[in-house]
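Novice: Quick one: the structure is below, questions incoming.
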Amino acid sequence: VMLLVSYHAGMAWSDDQIAGVRSQLQTLGERVYMSLDFLDTKNVAPSAAYFQKMESLLLAKYGTAPPALLLATDDDALDFALQMRQHHYPGVPILFSGVSASRQGALAHVGGVSGVFDDMDIGRRLNAVLALRPQRARLLVIHDQSRTSLAQTVGLRAAVAQRPELAVEFLTQMDVPSIQNRLRALGTNDLVLALAFNRDASNRVLSHEEAADLWAQTSAAPLLVTRDVSMRAGVLGGFLITGRQQ
């Protein structure tokens, strides 16, 4: 079994996903060998050229004999797994976790692919939060330009489109100080929803924990998050997903 991880070792979200996979494979005893490779796409922006180099590296490590199964955590690894299957491992099934639900329709037409989406029912989540905070001025959404965040905003935009009375502002392609300045100017009736944010416009790389701390320390409005690793001091809460559950 080949496990492809979008990010890097030591990232709590990915570490939890890996631990979840291992806990299940261990129930099968010694019948399954799992290789583990990190794409490190929080530190290296994914591109066709980069993925080609990763292909060459994995072929040098493992040869051309196909694995029984490709496991992919998060959107970048799924993209790469699909590429590996197309180029080298035809017919090998792919199982994913942590992938945006906005891809569900497209993936339904791809054979031999299944998995768990990390932001299902985002509209229901949004409606529940807004019902708890009826005195709201606007909703600000923080996200970066990663494959994962951009995919998550697709589902979110569809949800807010059903609420034309809600003023929504997306904070992206900004550096950390600019986002913090915007957060300081908010009122207590505003709401902030923080999606995955691991690289700002100045190419500063942040962990989920670091980003949540920065927003919570400066936001004058309540802060909502989507992952358990972002539930930090000063964060109001949210409907949280965990890497191990994924």
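The values are calculated or read from the model by the stated rules, or taken from the named source; none is laboratory data. Computed from a prediction, not measured in an experiment: that's the story for all the values here. Glycine also receives a Cβ, built like all others from the backbone with ideal geometry; neighbour counts cover every protein chain displayed. The accessibility values were calculated without ligands, DNA or RNA, using every heavy atom of the protein model including side chains. Shrake-Rupley method; radii C 1.70, N 1.55, O 1.52, S 1.80 Å.
Novice: May I ask for the angle, rounded to the nearest 10°, between helix 48-62 and the longest principal axis of the chain, with both axes built from Cα atoms and the value confined to 0 to 90°?
Specialist: Roughly 40 degrees, rounded to the nearest 10.
Novice: A further question on this structure: Measuring from centroid to centroid over Cα atoms, what is the spacing of region 38-64 and region 205-246 in Å?
Specialist: Using only Cα atoms to place each centre, the spacing works out to 30 Å.
Novice: Another one. If I stretch the segment between F239 and V44 completely, what's the gain in nm (0.36 nm per residue apart, minus their alpha carbon distance), one decimal? Before the final figure, lay out the partial values.
Specialist: Details: separation 195, 0.36 × 195 = 70.20 nm, distance 2.94 nm.
Net length gain for the segment: 67.3 nm.
Novice: Just need the relative contact order of region 1-116 here, percent rounded to a whole number, with Cα pairs under 8 Å and 6+ apart. Present the calculation step by step, with values, prior to reporting the outcome.
Specialist: Details: 146 pairs, mean separation 33.7, N = 116.
For region 1-116, the relative contact order is 29 percent.
Novice: Okay, next question. Please report the carbon-and-sulfur percent of the accessible area for region 69-169; probe 1.4 Å, protein heavy atoms only, DNA, RNA and ligands left out.
Specialist: On the way: 2450 of 4460 Å².
Accessible surface attributable to carbon and sulfur in region 69-169 totals 55 percent.
Novice: Tell me, rounded to the nearest percent, the portion of alpha carbon pairs in region 99-166 spaced more than 18 Å apart.
Specialist: On the way: 1017 of 2278 pairs.
Considering region 99-166, 45 percent of its Cα-Cα pairs are separated by more than 18 Å.
Novice: Which value, in Å³ per residue, describes the convex hull spanned by the Cα atoms of region 47-120? Don't jump to the answer; show the numbers that get you there.
Specialist: Working: hull volume 6.3 nm³, N = 74.
For region 47-120, the hull spanned by Cα atoms encloses 85 Å³ per residue.
Novice: Classify region 129-246: rounded, prolate or oblate, from the alpha-carbon gyration tensor (a ≥ b ≥ c, eigenvalue square roots; a/c under 1.5 rounded; otherwise prolate if a/b is larger than b/c)? If you can, show how the numbers build up before the last one.
Specialist: Numbers: a/c = 1.29, a/b = 1.18, b/c = 1.10.
Verdict is rounded for region 129-246.
Novice: A further question on this structure: How large is the accessible surface per residue of the chain, computed with a 1.4 Å probe and reported in Å² as a whole number? Walk me through the numbers on the way to the answer.
Specialist: Numbers: 11390 Å² over 246 residues.
Normalised by residue count, the accessible surface of the chain is 46 Å².
Novice: Taking just the alpha carbons, could you work out the radius of gyration and Dmax for the chain, both in angstroms?
Specialist: Just the Cα atoms of the chain yield Rg and Dmax of 19.0, 60 Å.
Novice: Moving on to the next point. Taking a ≥ b ≥ c as the square roots of the eigenvalues of the Cα gyration tensor of region 1-104, is the shape rounded (a/c under 1.5), prolate (a/b larger than b/c) or oblate?
Specialist: On the way: a/c = 1.44, a/b = 1.10, b/c = 1.32.
It comes out rounded by the Cα gyration axes.
Novice: As a test, work out the antiparallel percent of DSSP beta bridges whose residues both lie in the chain, rounded to the nearest 5.
Specialist: Numbers: 1 of 30 bridges.
Just about 5 percent of them are antiparallel.
Novice: Determine the order of L140, L28 by accessible area, beginning with the largest, at a probe radius of 1.4 Å. Intermediate values should be presented prior to the final figure.
Specialist: On the way: L140 0, L28 70 Å².
From most exposed to least exposed: L28, L140.
Novice: Also, quick follow-up: Ranked highest first by the average count of other Cβ atoms within 10 Å around their residues, in what order do 5-13, 177-185, 128-136 fall? Please report the intermediate quantities before stating the final value.
Specialist: Details: 5-13: 20.0, 177-185: 15.6, 128-136: 12.4.
Per-residue mean Cβ counts within 10 Å order the peptides as 5-13, 177-185, 128-136.
Novice: Using θ = phi - 60° and the Karplus form 6.51 cos²θ - 1.76 cosθ + 1.60, what ³J(HN,Hα) does each residue of region 172-186 get, whole Hz, x for Gly and Pro?
Specialist: Coupling constants for region 172-186: 8, 6, 10, 7, 4, x, 5, 5, 4, 4, 5, 5, 5, 7, 6 Hz.
Novice: Using each residue's phi in region 80-96, evaluate 6.51 cos²θ - 1.76 cosθ + 1.60 at θ = phi - 60° and report the 3J(HN,Hα) Karplus result to the nearest Hz, with x for Gly and Pro.
Specialist: 5, 4, 4, 5, 4, 5, 5, 8, 9, 10, x, x, 6, x, 10, 10, 10
Novice: Between V116 and S202, what is the label-to-label distance in nm when each label sits 7 Å out along the Cα-to-Cβ direction?
Specialist: With each label point 7 Å from Cα toward Cβ, the separation is 3.7 nm.
Novice: Something else now. Does region 185-246 come out rounded, prolate or oblate, given a ≥ b ≥ c as the square roots of the eigenvalues of its C-alpha gyration tensor, rounded meaning a/c under 1.5 and, failing that, prolate meaning a/b above b/c? Numbers along the way, then the final one.
Specialist: Details: a/c = 2.15, a/b = 1.15, b/c = 1.87.
Taking the square roots of the gyration eigenvalues as a ≥ b ≥ c, region 185-246 is oblate.
Novice: Right, next: Could you check what % of the DSSP bridge pairs in region 1-123 are antiparallel, to the nearest 5?
Specialist: Numbers: 0 of 16 bridges.
In region 1-123, approximately 0 percent of DSSP beta bridges are antiparallel ones.
Novice: Over the heavy atoms of H88, what accessible area does a 1.4 Å probe trace out, to the nearest 10 Å²?
Specialist: H88 exposes around 60 Å² with every protein chain in place.
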